[in-house]
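**Q** There's a structure below that I have some questions on.
The values are calculated or read from the model by the stated rules, or taken from the named source; none is laboratory data. Note that this is a predicted model, so its numbers are computed, not measured. With ideal geometry, Cβ positions are generated from the backbone for all residues, glycine too; neighbour counts draw on all protein chains shown. SASA here: full protein model, heavy atoms, side chains in, ligands and nucleic acids out. Shrake-Rupley method; radii C 1.70, N 1.55, O 1.52, S 1.80 Å.
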Amino acid sequence: MEIINFTPVPAFIGGALIGLSAALLLWAKGRVAGISGIAGGIILPVRGDLDWRIVFVVGLVLGGLLYQWIGLGAGVDHIRAVVDTPLLIIGGLLVGIGTTIGSGCTSGHGICGLARRSPRSLVATLSFMLSALVTVFIVRHVFGG
Amino acid sequence: MSHLPRLLAALVAGILFGFGLSVAQMIDPAKVVNFLDVFGTWDPSLAFVMGGGLLVNAIATPFILQRARPVFAEFFQLPKKTEIDRRIVIGGLIFGVGWGLAGYCPGPMLTSLSFANVDILTIVAAYLVGTLITRIVLTRLDARAVTP
């Protein structure tokens, strides 16, 4: 193992902002800040439960723009996809399928669910962490990506 | 204009979330995949993202839930399911494979639309298609389970 690019301070600050966002949404709207859940409710909407979801996702994009506009930290110019188009499509499909079957993603289970000490979210988080670790191990060290 | 404060809160929450993901560089899939590469070039940073988020939210949540109701809504709508079923494990495992392959989970994917290129549009489109198809299939399965 070799540790690279370790940036604990921006990571912690960014994480704290995400936690603050989740707390704000719970305090104001009584809802969990799970991104896959919020986005899923836009794709197949329930009547009367759509507007805040769209506004939240617009906010996500505005938050990204704000970061670029202020010119903070590492910026975004260095960011590239790590796989070719076919694997991007497979990856995106699996993220959509998995988060829908498993009722949540990194934010809903990993940050909101664990904060409420939900055993269901703990099992979900352990499941996706395990399969993500195994996937990267196979891609990088078995096939030698 | 009773909707305004409610929507403004959702907007600010979204901005905080997208800004936080950007500051943490979770929008860089190379950094995400290095976090998952414990046996190779490991970048432990993202553990601090989850740690920071969890710390703030775990402190705030019990205080917030002491309220009778949220500020701009009638009641708290928390996930109701508590049982550990097959779906929670299978869904998590499938999601993890996609996350490990491409280095994108839903939040960073959507935030990255702020500098969208063909790759980002491709994975977001695939994610939305995967979500739509699965929601339709699950809705049909559940309806069949209720009325055999």
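**Q** Ignoring ligands, DNA and RNA and using a 1.4 Å probe, state the total buried accessible area between B and A in Å², rounded to the nearest 100.
**A** 9800 Å²
**Q** Now, a different point. Where only protein heavy atoms count, and the probe is 1.4 Å, what is the accessible area per residue for the protein assembly as shown in Å²?
**A** Each residue of the protein assembly as shown exposes 46 Å² on average to a 1.4 Å probe.
**Q** Who wins for biggest fluctuation among A:Arg80, A:Arg116, A:Arg53 in a Gaussian network model of chain A, springs between alpha carbons below 10 Å?
**A** A:Arg80
**Q** Measure off 7 Å from each Cα along the Cα-to-Cβ vector at A:Leu72 and B:Val146, then give the distance between these two points in nanometres to one decimal.
**A** 4.3 nm
**Q** Over chain A, what portion of Cα pair distances is larger than 22 Å, expressed as a whole percent?
**A** I get 53 percent for the Cα pairs in chain A exceeding 22 Å.
**Q** Find how many whole Å separate the alpha carbon centroid of region A:1-30 from the alpha carbon centroid of region B:79-99.
**A** 23 Å
**Q** How do B:Ile27, A:Ile70 rank by accessible surface area computed with a 1.4 Å probe, from largest to smallest?
**A** A:Ile70, B:Ile27
**Q** Let me ask something else. What is the Å³ per residue value for the convex hull set by the Cα atoms of region B:3-82?
**A** Measuring per residue, one finds 134 Å³ for the Cα hull of region B:3-82.
**Q** Give a residue-ordered list of calculated ³J(HN,Hα) values for region B:40-50 (Karplus: 6.51 cos²θ - 1.76 cosθ + 1.60, θ = phi - 60°; whole Hz; x for Gly, Pro).
**A** For region B:40-50, the Karplus-derived couplings read x, 8, 8, 10, x, 3, 5, 5, 6, 5, 5 Hz, x marking Gly and Pro.
**Q** If you put +1 on each Lys and Arg Cβ and -1 on each Asp and Glu Cβ, how big is the dipole of the protein assembly as shown around its Cα centre, in Debye rounded to 20?
**A** Dipole magnitude for the protein assembly as shown comes out near 1040 debye.
**Q** If I model a spin label as a point 7 Å beyond the Cα along the Cα-Cβ vector, how far apart are those points for B:Val129 and A:Leu122 in nm?
**A** A separation of 3.9 nm, rounded to one decimal place.
**Q** Let me ask you something else. Can you give me the orientation-averaged projected area of the convex hull built on the Cα atoms of region A:32-83, in nm²?
**A** 5.2 nm²
**Q** Can I ask one more? Between B:Leu11, B:Leu78, B:Leu54, where does the largest GNM mean-square fluctuation fall for chain B, given springs only between Cα atoms within less than 10 Å?
**A** Maximum among the listed residues: B:Leu78.
**Q** In deg cm²/dmol and to the nearest 500, what is the mean residue ellipticity at 222 nm of chain A if only DSSP H runs of at least 4 residues count, each as -39500 (n - 2.57), divided by the residue total?
**A** Rounded to the nearest 500, it is -20000 deg cm²/dmol.
**Q** Sticking with this structure for a sec: When only Cα pairs under 8 Å and 6 or more residues apart are kept, what is the percent relative contact order across region A:8-142?
**A** About 29 percent, as a whole number.
**Q** Please report the equivalent ellipsoid semi-axes of chain B, computed as sqrt(5 x eigenvalue) of the Cα gyration tensor, largest first, in whole Å.
**A** Result for chain B: semi-axes of 27, 25, 19 Å.
**Q** Run down the lysines and flag those whose C-alpha is under 27 Å from the C-alpha of B:Lys31, throwing out any fewer than 8 positions away in its chain.
**A** Result set, ordered by chain and number: empty.
**Q** Going by accessible area, probe 1.4 Å, with all protein chains left in place, what is the ranking of B:Phe75, B:Phe35, largest first?
**A** Greatest to least solvent exposure: B:Phe75, B:Phe35.
**Q** Let me ask another. With a 1.4 Å probe and all protein chains in place, put A:Phe12, A:Phe143, A:Phe128 in order of accessible area, largest first.
**A** Largest accessible area first, the residues go A:Phe143, A:Phe12, A:Phe128.
**Q** Sequence neighbours fewer than 8 away in the same chain don't count; with that in mind, list the aspartates and glutamates whose C-alpha is under 20 Å from B:Lys80.
**A** Partners found: A:Asp49, B:Asp142.
**Q** Mean-square fluctuation check for chain A, GNM, Cα pairs under 10 Å: which of A:Ile101, A:Ile38, A:Ile18 is largest?
**A** Among A:Ile101, A:Ile38, A:Ile18, the largest mean-square fluctuation in the Gaussian network model of chain A belongs to A:Ile101.
**Q** Something else about it: In region B:80-117, which trypsin sites (Lys or Arg not before Pro) are in a loop and have at most 10 other Cβ atoms within 10 Å, using DSSP for the loop call?
**A** Within region B:80-117, the qualifying trypsin sites (Lys or Arg not before Pro) (loop, at most 10 other Cβ atoms within 10 Å) are B:Lys80.
**Q** Okay, moving on. Which length gain, in nm to one decimal place, applies between B:Ile136 and B:Leu8 when the Cα-Cα distance is subtracted from 0.36 nm times their residue separation?
**A** Taking 0.36 nm per residue and subtracting the Cα distance, the gain is 43.0 nm.
**Q** Rounded to two decimal places and with Rh computed the Kirkwood way over Cα pairs, what is Rg over Rh for the protein assembly as shown?
**A** A ratio of 0.95.
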